[in-house]
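> Below is the structure I would like to discuss, written out as structure tokens.
The values are calculated or read from the model by the stated rules, or taken from the named source; none is laboratory data. Source: prediction; values computed, not measured. Cβ atoms come from the backbone with ideal geometry, glycine included; neighbour counts cover every protein chain shown. Accessible surface is based on the protein model in full, side chains and every heavy atom, while ligands, DNA and RNA are left aside. Shrake-Rupley method; radii C 1.70, N 1.55, O 1.52, S 1.80 Å.
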Amino acid sequence: MLDTTPEGRAAAALQALGDALEGGDIDAALARFATDCYWRDLVSFTWNLRTMEGKAQIRDMLESCLADTAPAGFALLPGEPVTEEEGIVTAWFSFETGVARGSGILRLNDGGIWTLLTTMAELKGHEEPQGFARPLGAKHGQGRHRPSWKEEREAEARSLGYSTQPYVVIVGGGQGGIGLGARLRQLGVPTIIVEKNARAGDSWRNRYKSLCLHDPVWYDHMPYLPFPPTWPVFSPKDKLGDWLEMYVKVMELTYWTGTAARSARYDAAAKEWLLTVDRDGEEVVLRPKHLVLATGMSAKPNLPDFPGMDRFRGDQHHSSQHPGPDSWAGKRAVIVGSNNSAHDIAAALWEAEAEVTMVQRSSTHVARSETLMDLAMGPLYSEQAVRDGITTDKADLIFASIPYRLMAGFQIPLYEQIREHDRSFYEGLERAGFWLDFGDDGSGLMMKYLRRGSGYYIDVGASQLIIDGEIALRRGQVTEVTEDGLRLDTGEELPADLIVYATGYGSMNGWAADLISQEVADRVGKVWGLGSGTTKDPGPWEGEPRNMWKPTQVEALWFHGGNLHQSRHYSQCLALQLKARMEGIPTPVYGLQEVHHKG
């Protein structure tokens with residue numbers, strides 16, 4: 001008898017798909033998909049991060065990858081309930097390939113597969129030492145002159161980078177580089193993280209003193225070591241810096257502080273990078289097989305070049321260099337920009353009793369933190385989600401299972417709900433003259449972040465200061481900086497003792513240009529964005545973030561970063577790709593990133 005329960009339908013669809021893939025029958029596999037269908041693969045089939053949209057793209061991928069992948073063992077995950085909501089059946093499953101084990105999420109619509117996520121979880125024979133494979137630690141038995149754990153760690157620190165070479169060097173020791181380094185450590189990949197600051201965590205400590213994470217704790221865990229259950233919902237920057245410093249130590253990472261990467265070039269014959277670094281005044285040449293730039297999305301400041309900046313008699317700096325508000329009581333501060341940093345700095349200066357004016361040059365999306373927590377993030381990343389059995393890993397996979405093509409469609413009604421929920425708040429901002437938007441298509445904050453990484457503010461109090469007139473607001477373009485302030489295209493001159501340029505950051509491939517060459521940066525192309533054709537995210541459509549966590553057009557050069565959630569989740573994808581290459585496992589890449597923009 002035909003099982004028409006959600007679990008029965010999911011099991012039948014998964015079995016039919018699995019049988020077809022195992023048998024190499026592409027036509028039979030495609031017959032299981034709905035007309036409108038999406039397959040997002042994270043490494044397991046494509047050795048890439050790729051979303052195939054429609055049957056034609058899925059066919060092309062399978063014709064290229066199926067024989068090499070050798071998938072098998074598709075089965076519903078025990079203990080994970082199959083659900084049905086508004087006609088959509090959702091099921092979790094596991095599977096294997098010839099070299100790996102994976103998991104995924106299947107969604108059925110009208111009996112056909114609507115969305116499919118396949119993601120590599122581990123390489124066979126190269127699993128992380130967890131569970132029954134946990135390291136013993138102690139060395140039982142006897143032996144003369146045996147080194148202690150401490151002595152072994154000290155010997156490794158002395159040799160790696162000198163008498164022995166790392167397989168991977170990660171440039172940038174913020175949360176992204178640290179998390180990836182931890183993944184690679186557990187996989188046995190010799191890795192050095194180079195960080196220009198004096199201590200791990202200084203990339204946070206050195207920012208303006210009022211900075212806190214705007215994302216909640218459940219969204220921000222590091223791999224392996226979640227924050228304690230008493231950790232605050234929003235992490236102060238110095239507290240987070242201390243956590244990262246502790247993490248580097250307990251995860252046994254080879255982490256070179258006070259080390260600036262000076263230059264790099266790729267030796268194609270030897271298939272290795274020659275990376276020159278300055279380590280506390282000593283020049284060291286590292287020869288890794290792979291180079292990862294984990295310098296972050298906020299590491300290449302966009303400093304404007306307004307006429308007259310050289311004659312300003314006050315203090316002016318980019319927001320990334322802002323030390324804090326303490327010395328500006330009673331002084332006039334002008335903030336050029338209207339996104340997260342601009343609001344945070346403006347509010348802190350107001351608290352220090354400075355006279356603050358914000359110059360808004362373009363529209364900004366604003367969302368209240370409390371509303372985001374309640375309506376947007378709560379179902380996956382909240383205390384209630386944890387109590388509902390949604391672990392961080394599970395939440396990450398649920399989020400990853402939504403193809404980017406569909407994501408805006410999910411976000412638009414959410415932000416319509418947010419707009420109505422906070423109607424009086426938004427009306428107050430507009431009465432104050434604030435230039436508000438909800439994204440080009442009304443899809444709000446998340447899509448702005450994914451498309452351009454800018455253009456929004458998560459409100460934690462500064463908006464009310466603008467509504468109340470405590471922070472003055474001007475709209476317009478800066479035409480010049482004068483000796484005593486700046487002038488707008490409206491003709492108004494704003495007197496200032498301090499100008500903070502909260503003008504954002506450039507594409508991460510700018511670091512490739514600085515470290516390697518402009519030619520290499522151009523070959524990589526723009527980093528970040530989806531190709532949505534919206535503001536600051538030019539088409540054509542890419543379907544995945546450009547050049548992130550996956551192979552680029554430059555051999556053995558990788559980019560890693562994003563927010564803490566992305567750094568955590570996609571560090572596993574990148575670590576598995578690097579580990580496979582170190583072990584000599586074939587990694588035929590399907591759909592290598594094309595370059596449409598130079599960044």
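> Rg over Rh of the stretch 176-267, using C-alpha atoms and the Kirkwood radius, what does it come to?
In the stretch 176-267, Rg relative to Rh is 1.00.
> With a cut-off of 14 Å, note down the residues of the stretch 492-516 whose backbone N falls inside the zone around a label point 7 Å from the Cα of HIS317 toward its beta carbon.
Once the point is set 7 Å along Cα→Cβ of HIS317, 498-502 turn out to lie under 14 Å by backbone N, inside the stretch 492-516.
> Greater than 22 Å separation of Cα atoms is the criterion. Which listed pairs, LYS239/LYS300; LYS300/LYS598; LYS300/LYS448; LYS239/LYS536, meet it? Walk me through the numbers before you get to the answer.
Numbers: LYS239/LYS300 24 Å; LYS300/LYS598 15 Å; LYS300/LYS448 19 Å; LYS239/LYS536 33 Å.
The answer is LYS239/LYS300; LYS239/LYS536.
> Measure out, as a whole number of angstrom, how far apart the alpha-carbon centroids of the stretch 31-49 and the stretch 421-485 sit.
Using only Cα atoms, the two centres lie 38 Å from each other.
> Moving on to the next point. For the stretch 260-313, what size does the Cα cloud have along each of its three principal axes, sorted from largest down, in whole Å?
51, 25, 19 Å, listed from the longest principal axis down.
> Could I ask something else about it? Would you list the P(r) distribution for the stretch 1-52, with all Cα-Cα distances sorted into 5 Å bins from 0 and each bin expressed as a whole %?
4, 18, 18, 26, 22, 7, 3, 1, 0
> With the Cα gyration tensor of the stretch 218-336 giving a ≥ b ≥ c as the square roots of its eigenvalues, does the rule (a/c under 1.5 for rounded; else a/b larger than b/c for prolate; else oblate) give rounded, prolate or oblate?
The shape class here is oblate.
> Moving on to the next point. Let me check I've understood the local charge: for GLU594, count other residues with C-beta under 13 angstrom from its C-beta, Lys and Arg +1, Asp and Glu -1. What total comes out?
Neighbourhood net charge equals +4.
> Kirkwood Rh over alpha-carbon pairs of the stretch 498-599, then Stokes-Einstein at 25 °C and 0.890 mPa s: what D in µm² s⁻¹, rounded to an integer?
Reported coefficient: 165 µm²/s.
> Taking the Cα centre of the chain as origin and charging only Cβ (+1 Lys, Arg; -1 Asp, Glu), how large is the dipole, in debye to the nearest 20?
About 1680 debye.
> Taking a cut-off of 25 Å between Cα atoms, list the lysines near LYS124, but don't count ones fewer than 8 places away on the same chain.
Partners found: LYS289, LYS394, LYS550, LYS579.
> Restricting attention to the alpha-carbon atoms of the stretch 330-418, what are Rg (one decimal) and Dmax (integer), both in Å?
Using the Cα atoms of the stretch 330-418, the pair Rg, Dmax is 18.1, 51 Å.
> Give me the extension gain from GLN130 to CYS212: residue separation times 0.36 nm, minus the current Cα-Cα distance, reported in nm with one decimal.
26.2 nm
> Answer rounded, prolate or oblate for the stretch 100-209, using the Cα gyration tensor with square roots of eigenvalues a ≥ b ≥ c: rounded when a/c is under 1.5, else prolate when a/b is larger than b/c, else oblate. Mind showing how you got there, number by number?
Details: a/c = 2.75, a/b = 1.40, b/c = 1.97.
It comes out oblate by the Cα gyration axes.
> At 1.4 Å probe radius, can you tell me the per residue accessible area of the chain in Å²? Walk me through the intermediate numbers first.
Numbers: 25610 Å² over 599 residues.
With the other protein chains kept in place, the chain gives 43 Å² per residue.
> What is the Cα centroid distance between the stretch 263-342 and the stretch 189-219, reported in whole angstrom?
Cα centroid to Cα centroid, the span is 14 Å.
> For the pair ALA269 and TRP435, what calculated FRET efficiency results from E = 1/(1 + (r/R0)^6), where r is the Cβ-Cβ distance and R0 = 56 Å, to the nearest 0.05?
Taking R0 as 56 Å, the efficiency between TRP435 and ALA269 is 0.55.
> If Rh is defined by the Kirkwood formula over all Cα pairs and Rg also comes from Cα, what ratio Rg/Rh do you get for the stretch 13-101?
0.95
> Further question on the same structure: With a point put 7 Å past each Cα toward its Cβ, work out how far ALA155 is from LEU225 in nm, to one decimal.
2.5
> So how much slack lies between THR391 and LEU303, counting 0.36 nm per residue of separation and subtracting their Cα-Cα distance, in nm? Before the final figure, lay out each step's value.
Values: separation 88, 0.36 × 88 = 31.68 nm, distance 4.04 nm.
Length gained, THR391 through LEU303: 27.6 nm.
> Could you tell me what percent of the accessible area of the stretch 469-599 is made up of carbon and sulfur, with a 1.4 Å probe and every protein chain present?
Taking all protein chains in place, the stretch 469-599 shows 45 percent carbon and sulfur surface.
> Less than 11 Å Cβ to Cβ from HIS565, Lys/Arg counted +1 and Asp/Glu -1: what total charge do the surrounding residues give?
Here the count lands on -2.
> Run the numbers on the chain and let me know its relative contact order in percent, using alpha-carbon pairs under 8 Å that are six or more apart.
16
> Can you list, bin by bin at 10 Å, the percent of alpha carbon pairs in the stretch 264-397, starting at 0?
So the P(r) values, bin by bin, are 9, 21, 21, 22, 22, 4, 0.
> Using a 1.4 Å probe over the heavy atoms of the protein chains, calculate the carbon and sulfur portion of the accessible area of the stretch 280-339 as a whole percent. Please report the intermediate quantities before stating the final value.
On the way: 1300 of 2940 Å².
C and S fraction of accessible area: 44 percent.
> Right, something else. Seen from all sides and averaged, what is the projected area of the convex hull of the Cα atoms in the stretch 429-489, in nm²?
Across all orientations, the stretch 429-489 yields a mean hull projection of 5.7 nm².
> Which aspartates and glutamates does LYS55 reach when only Cα atoms under 13 Å apart count, and residues fewer than 8 places away in its own chain are ignored?
Straight-distance partners of LYS55: ASP27, ASP36, GLU63.
> Can you pull the one-decimal nm distance between simple spin-label points at GLU85 and ALA260, each 7 Å off the Cα toward Cβ?
So the label points at GLU85 and ALA260 sit 5.1 nm apart.
> While we're on this one: Quickly work out the GLU555-to-GLN417 label distance, labels modelled 7 Å from Cα along the C-beta direction, and quote it in nm with one decimal.
That separation, rounded to one decimal, is 5.0 nm.
> Given axes a ≥ b ≥ c from the Cα gyration tensor, I'd like to know whether the chain is rounded (a/c under 1.5), prolate (a/b larger than b/c) or oblate.
Taking the square roots of the gyration eigenvalues as a ≥ b ≥ c, the chain is oblate.
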